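Asks: Below are the structure tokens for one structure; questions will follow.
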Amino acid sequence: MALLSRKERNLVLDPLTDDNPITVQVLGICSALAITAELKASVVMAVSVIAVLAVGNVVISLLRNVIPNKIRIIVQLVVIAALVILVDLILKAFAFELSKQLSVFIGLIITNCIIMGRFEAFALGNNPWHSFLDGIGNAGGYGLILIIVGFFRELLGFGTLFGYKVLGDPIEKTGLYALGYENNGFMVLSPMALIVIGIIIWVQRIKNKELIED
Amino acid sequence: MEHIELFFKSIFIDNMIFATFLGMCSYLAVSKRVATAVGLGAAVIFVLAVTVPLNWLLNEYILKDGALVWLGPEYASYDLSFLTFILFIATIATMVQLVEIVVEKFSPGLYNALGIFLPLIAVNCAILGGSLFMQAREIPTLGLALNYGISSGIGWFLAILAIAAIREKIRYSNVPAPLRGLGITFIITGLMAIGFMSFGGMLTGGDEGAEASEIGAPVMGVETEQLQNESNNTDKTISVLDNQTLTKE
């Protein structure tokens, strides 16, 4: 990591844990929860958000001295919407099934608060390279939570990971199922996404006492 | 009849917070006190009621495949649906601004009540989500679109009102320190979502097959499909079990 100075390294690494957008800053939960029933969808969503945020941060940072303060929200929305349309079209072209599955949630990246939040809080006041790193870090932290939630929900709900039957076959009764293990169909339903995130927050705050609210 | 059905379905079964997690950010941020929650909830109903029908018109006459045919037959092959996101969000941002100006002029009381929340709403996922779901579910008429906007707004309002009331009370409870604040709110929301799932059979009288084909439209399509697979699996396991018991007997 000799390429990056200490400050630059912190820009990427902080949001992954102690300054995580979802569990600490409470941003971008909207689109995060509904698509985490399967790991594959979570990974695609994470990659899409990383792409949109990193590129968007750079664009806004380059334009930061030209954008009039009063209409900056509209400018930001246009930049995000254009990037999201690109992501949507790319997904439709190369992963049509998955894009059908994610349905409106790709479009909802536009109103994902992480993106607006980082534009406002960081890209408007920093140079493009730092903004790029900040984008990677924050979207990465968001993606990390998505992937953790997707991992547990798919593993416990379907007994699969990326569609591979890692716990054995529930119908043929092989692997764990031979011992009487059952899939917990409840994990697939939407309420469990909330509860899994609640538990992640719990674990994180046990480890880092500074984050505890009164 | 379909109006009543859509109304109750949008409030209870497809509740924006509990079924599709839309507008979670402001739901978590502004639910510390009941009074502010009511203000934001009312603003959301108001803005949804304006933007969903407006975006329905845009979708019907500009964006849909072949929607431009009213300009003349040579436009029939145009499909502008890739512009959906940018047009919808522009409409929402403008409408929010407009609504703010109009309300300020004609009803200062309402403006003071909604005031700070209106600009916040432009980037609330519930608003854009309402329009996108309206498009994805192919709501057929303008009246139904208006109905959908208002009723999903009411659903959101109910959810934020409930959580704000619970959070006011939970301050007196002895929650484990690391769970305090955000963590317990997530878990309570999860439990409330489980509660709302029991409305699922409301319109079909608990007939699961009919319900899956009806509600399983684009939105929850994924999950319903998975559920069906799941229930097929359980059916199979049950039949396997039956066979086993039979052979044992």
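The values are calculated or read from the model by the stated rules, or taken from the named source; none is laboratory data. None of these values were measured; they are calculated from a predicted model. Here the Cβ is made from the backbone with ideal geometry for all residues, glycine too, and neighbour counts use every protein chain on show. Accessible surface areas use protein heavy atoms only, side chains included; no ligands, DNA or RNA. Shrake-Rupley method; radii C 1.70, N 1.55, O 1.52, S 1.80 Å.
Asks: Given Cα pairs under 8 Å that are at least 6 residues apart, what percent is the relative contact order of region A:19-204? Numbers along the way, then the final one.
Replies: Numbers: 224 pairs, mean separation 65.1, N = 186.
Reported as a whole number, the value is 35 percent.
Asks: Between rounded, prolate and oblate, where does region A:1-115 land on the alpha carbon gyration tensor, with a ≥ b ≥ c its root eigenvalues, rounded for a/c under 1.5, else prolate if a/b exceeds b/c?
Replies: oblate
Asks: Right, something else. Give me the distance in nm between label points sitting 7 Å out from Cα along the Cα-to-Cβ direction at B:Asp65 and A:Asn65, one decimal.
Replies: Each label point is offset 7 Å from its Cα along the Cβ direction, giving 4.8 nm.
Asks: If you take each beta carbon of peptide B:125-138 and count the beta carbons of other chains within 10 angstrom, what is the mean? Mind showing how you got there, number by number?
Replies: Working: counts 13, 3, 1, 7, 8, 0, 2, 8, 4, 1, 2, 3, 1, 0.
Going residue by residue through B:125-138 and averaging, the value is 4.
Asks: Right, next: Just how much of B:Lys64 is accessible, in Å², when a 1.4 Å probe is used and the result is rounded to the nearest 10?
Replies: Roughly 90 Å² of B:Lys64 is accessible to a 1.4 Å probe.
Asks: Can you give the accessible area of A:His130, probe radius 1.4 Å, in Å² rounded to 10?
Replies: Counting only protein heavy atoms, the figure is 30 Å².
Asks: Given a 1.4 Å probe and heavy atoms of the protein chains only, how would you sort A:Trp202, A:Trp129, largest accessible area at the top? Each step should come with its number before you reach the end.
Replies: Values: A:Trp202 90, A:Trp129 125 Å².
Accessible-area ranking of A:Trp202, A:Trp129, largest first: A:Trp129, A:Trp202.
Asks: Per residue of A:192-205, what is the mean number of Cβ atoms on other protein chains within 10 angstrom of that residue's Cβ? Walk me through the intermediate numbers first.
Replies: Details: counts 3, 4, 14, 8, 3, 6, 11, 5, 2, 9, 8, 2, 2, 8.
What the average comes to for A:192-205 is 6.
Asks: So for each of A:20-29, B:178-187, B:124-133 I average, over its residues, the number of other beta carbons within 10 Å; can you give me the resulting order with the highest mean first?
Replies: B:124-133, A:20-29, B:178-187
Asks: Setting aside same-chain residues fewer than 8 positions from A:Lys100, which lysines have a Cα under 30 Å from its Cα?
Replies: The reachable lysines, counting only those whose Cα sits under 30 Å from A:Lys100, are A:Lys40, A:Lys92, A:Lys165, B:Lys9, B:Lys64, B:Lys236.
Asks: Could you tell me the total accessible area buried at the A-B interface, probe 1.4 Å, in square angstrom to the nearest hundred? Kindly include the intermediate steps, with their values, before the conclusion.
Replies: Numbers: alone 11650 and 13970 Å², together 21250 Å².
Using a 1.4 Å probe, the pair buries roughly 4400 Å².
Asks: If you don't mind, another one. Only protein chains counted, 1.4 angstrom probe. Which residues of region A:82-97 are at least 30 Å² less accessible in the assembly than when their chain is isolated?
Replies: SASA drop of 30 Å² or more in region A:82-97: A:Ile85.
Asks: May I ask for the distance between the Cα centers of region A:73-128 and region A:5-49, given as a whole number of Å?
Replies: 14
Asks: If you roll a 1.4 Å probe over the heavy atoms of the protein chains, what accessible area per residue do you get for region B:2-202, in Å²?
Replies: Per residue, region B:2-202 has an accessible area of 42 Å².
Asks: When a/c reaches 1.5 or more, the comparison of a/b and b/c decides; with that in mind, is region B:105-192 rounded, prolate or oblate per its Cα gyration tensor? Can you show the working numbers first?
Replies: Details: a/c = 2.70, a/b = 1.56, b/c = 1.73.
Since a/c reaches 1.5 but b/c is at least a/b, the shape of region B:105-192 is classed as oblate.
Asks: Let me ask something additional. Work out the mean other chain Cβ neighbour count within 10 Å for the residues of A:177-190 and drop it here as an integer. Please report the intermediate quantities before stating the final value.
Replies: On the way: counts 1, 0, 0, 0, 0, 2, 4, 0, 7, 2, 0, 6, 9, 11.
Average per residue, whole number: 3.
Asks: With label points built 7 Å along Cα→Cβ from the Cα atoms of A:Lys173 and A:Phe96, find their separation and express it in nm.
Replies: 4.1
Asks: Could I have the simple spin-label model distance between B:Ser77 and B:Met202, label points 7 Å from Cα toward Cβ, reported in nm to one decimal?
Replies: The modelled label-to-label distance comes out at 4.8 nm.
Asks: So how do A:Ile71, A:Ile60, B:Ile13, A:Ile50 rank on accessible area, 1.4 Å probe, biggest first, that is with the largest at the start? Write down the numbers at each step before the final one.
Replies: Numbers: A:Ile71 90, A:Ile60 0, B:Ile13 25, A:Ile50 55 Å².
My answer, sorted largest first, is A:Ile71, A:Ile50, B:Ile13, A:Ile60.
Asks: Taking only Cα atoms, what is the 0 to 90° angle, nearest 10, from helix A:72-94's long axis to the longest principal axis of chain A?
Replies: Its long axis makes an angle of about 40 degrees.
Asks: For region A:97-214, what D do you get in µm² per second when you plug the Kirkwood radius from alpha-carbon pairs into Stokes-Einstein at 25 °C and 0.890 mPa s? Provide the component values of the computation, followed by the final result.
Replies: Numbers: Rh = 17.4 Å.
Roughly 141 µm²/s, to the nearest whole number.
Asks: Taking square-rooted eigenvalues a ≥ b ≥ c of the alpha carbon gyration tensor, is the protein assembly as shown rounded, prolate or oblate, where a/c under 1.5 means rounded and, failing that, a/b exceeding b/c means prolate?
Replies: On the way: a/c = 1.42, a/b = 1.19, b/c = 1.19.
Here the protein assembly as shown falls in the rounded category.
Asks: Moving on to the next point. Round to the nearest 10 and give me the degree value, 0 to 90, for the angle of helix A:39-63's Cα axis relative to the longest principal axis of chain A.
Replies: 0
Asks: Let me ask something else about it. Specify the inter-centroid distance of region A:157-173 and region B:79-98, based on alpha-carbon positions, in whole Å.
Replies: Computed from Cα coordinates, the inter-centre distance equals 42 Å.
Asks: Show B:Ile188, B:Ile150 ordered by accessible area, largest first, where the area counts protein heavy atoms only and the probe is 1.4 Å.
Replies: B:Ile150, B:Ile188
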